[in-house]
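These notes concern the structure reproduced below.
The values are calculated or read from the model by the stated rules, or taken from the named source; none is laboratory data. Given the structure is predicted, the values throughout are model-derived calculations rather than measurements. Every residue, glycine as well, gets a Cβ built from its backbone with ideal geometry; the counts of neighbours run over all protein chains shown.
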Amino acid sequence: MRKFIFLMVLALSTFTNAQLAQKLGYVDSEVILKQLPEAIKAQGELDALIQKWNTQVDSMTMVLQKAYADYQKQEATMAEPKKREIQQNLLAKQQEIEEFRRGKFAQGSGEIFQKQEELLKPVKEKVMKMIEVVAKEEGMNFVFDKTGDILLLYADTAFDITFKVLDSLKRGK
């Protein structure tokens, strides 16, 4: 029994020492992106594009509202076929606005997200390369991002057990 306890204490102390030898770090990518000139420029371009598209939506909406107000003023004196035609035109304009809005701003598939990816991809790549350089200089094994969901940004490949897990899964262990 004493041997078992001694071996457990030895194993735990070895495990603890191995854990202490690992060096962890984190970054706040939000702070980096708010202060990096390339990111500020890219965000400025995105903001200008969003403003332009919002102005277009506002303009289209004002045209629709004016057309609807005109329709309401004349509705009582209109023949039924003319009413239906104008109603269909108003509905088509409303759908056009919604399609425009969806095409520009839809989560994940809108033009704004594609433009964001296009503008920020080189910035993110630059940041990731620098994180790796600093992590190696500092002797860090892992670097996390504390913004939003905690993400692993860098990991020393010596700690990658992906293929060991995959192998165990394939062997059925």
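Overview of values
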{"item": "Asp149 charged (D, E, K, R) and either touching a Lys or Arg at 6+ places or on another chain (Cβ under 8 Å) or surrounded by 15 or more Cβ atoms within 10 Å (Cβ to Cβ) (or both)", "result": "no"}
{"item": "Condition check for Glu98: out of contact with any Asp or Glu (no Cβ under 8 Å at 6 or more places or on another chain) and more than 21 Å from Tyr26 (Cα to Cα)", "result": "yes"}
{"item": "Test set (1) assigned to a loop (DSSP other than H, G, I, E, B); (2) in contact with a strand residue (DSSP E or B) (Cβ under 9 Å, 6 or more places away or on another chain) - Ser109 fails condition number", "result": "(2)"}
{"item": "Close pairs from the stretch 127-148: first assigned to a strand (DSSP E or B), partner small (Gly, Ala, Ser), Cβ under 7 Å, at least 6 apart", "result": "Phe142/Ala155; Val143/Gly25; Val143/Ala135; Asp145/Ser29"}
{"item": "The stretch 88-106, residues that are surrounded by fewer than 14 Cβ atoms within 10 Å (Cβ to Cβ) and either part of a helix (DSSP H, G or I) or touching a Leu at 6+ places or on another chain (Cβ under 7 Å) (or both)", "result": "Gln88, Asn89, Leu91, Ala92, Gln95, Glu96, Glu98, Glu99, Arg102, Gly103"}
{"item": "Some residue of the stretch 33-47 being at pLDDT 85 or above, more than 17 Å from Met128 (Cβ to Cβ), surrounded by 11 or more Cβ atoms within 10 Å (Cβ to Cβ) and among the small types (Gly, Ala, Ser)", "result": "yes"}
